[in-house]
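Trainee: The structure's right below; bear with me while I get my questions together.
What follows draws every value from the coordinates through simple rules; no lab data is involved. The model shown is predicted, which means the values in this text are computed figures rather than measured ones. Cβ coordinates were reconstructed from backbone atoms using ideal geometry, including for glycine residues, and neighbour counts include every protein chain displayed.
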Amino acid sequence: MSSTTDKSQEVNGSAVGAPGTANLPWSELGFEFRPTKSHLRMIYKDGKWGEEELVESPYINVHIGATALHYGQACFEGLKAFAHEDGSVYMFRPDENGKR
């Protein structure tokens, strides 16, 4: 990546401004999908991040066994708790859940 003082750079012959400087209606942006012409890819290996790579594709490769694709296992693994009419809460096998 370029290290000019204004943080602008050239990508495939086109000038690209510093982050946050795009001429967009910022106050009107919503949460819908907005296509972009590229994204950055960095690979974490051997305890450090590699160099960034500009990828001009809307796709990423994700391994079929990625736990994030399987019921959110990457961030939550099924501890269950049940509230009862008397206000008490029972957890289902928290000790076994913690061992996993």
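Trainee: Between His39 and Lys80, what length in nm is gained on full extension when 0.36 nm per residue of separation is reduced by their alpha carbon distance?
Mentor: Value of the extension gain: 10.9 nm.
Trainee: First measure r as the distance between the Cβ atoms of Leu29 and Leu54, then evaluate 1/(1 + (r/R0)^6) with R0 = 25 Å and state the FRET efficiency to the nearest 0.05. Present the calculation step by step, with values, prior to reporting the outcome.
Mentor: Details: r = 23 Å, r/R0 = 0.91.
Efficiency at R0 = 25 Å is approximately 0.65.
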